[in-house]
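Trainee: The structure under discussion is supplied below as structure tokens; questions concerning it will follow.
The values are calculated or read from the model by the stated rules, or taken from the named source; none is laboratory data. Predicted model, so just to flag it, every value in this text is computed and none were measured. As a convention, Cβ positions derive from the backbone with ideal geometry for all residues, glycine included, and neighbour counts pool all protein chains shown. Keep in mind that these areas ignore ligands, DNA and RNA; they rest on the heavy atoms of the full protein, side chains included. Shrake-Rupley method; radii C 1.70, N 1.55, O 1.52, S 1.80 Å.
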Amino acid sequence: MLTLLTATGARPQAWALCERMMRLQDWDGAVRWVIVDDGAHPQPLTFRRPGWTLEVDRKTSSVQP
């Protein structure tokens, strides 16, 4: 099993690029993708792929504007 860790939050263009790159991967084993989302609003996650498990850790950002 391969485990990936990605931090995201309030960066939808970067996240879309990340999802696109993950779709292009040719690893055929199991993948656990841990996503830490610390933006003010939940990052929309549309990625689905057979054999991949997504775990989302949703944190509220402590950064004040």
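Trainee: Look through region 7-33, keep the residues that are open to solvent by 30 Å² or more (accessible area, probe 1.4 Å) and more than 14 Å from ARG49 (Cα to Cα), and return whichever of them is modelled with the lowest pLDDT.
Mentor: Of everything passing the filter in region 7-33, ALA10 is modelled with the lowest pLDDT.
Trainee: Only one of these is acidic (Asp, Glu) and either in contact with a Ser or Thr (Cβ under 7 Å, 6 or more places away or on another chain) or under 15 Å from ARG58 (Cβ atoms) (or both): ASP37, ASP28. Name it.
Mentor: Working: ASP28 fails: either in contact with a Ser or Thr (Cβ under 7 Å, 6 or more places away or on another chain) or under 15 Å from ARG58 (Cβ atoms) (or both).
The unique qualifying residue is ASP37.
Trainee: Separate question: For region 1-25, give me the residue count where each residue is assigned to a loop (DSSP other than H, G, I, E, B) and under 17 Å from ASP57 (Cα atoms).
Mentor: 3
Trainee: While we're looking at this one, here's another question. Which residue pairs have Cβ atoms closer than 8 Å, lie 6 or more positions apart in sequence or on different chains, and pair a first residue in region 39-65 that is under 11 Å from THR8 (Cα atoms) and exposed (fewer than 11 other Cβ atoms within 10 Å of the Cβ) with a second residue that is modelled with pLDDT of 90 or more and of a type in the set (Ser, Thr, Tyr)?
Mentor: Partner pairs satisfying both residue conditions: none exist.
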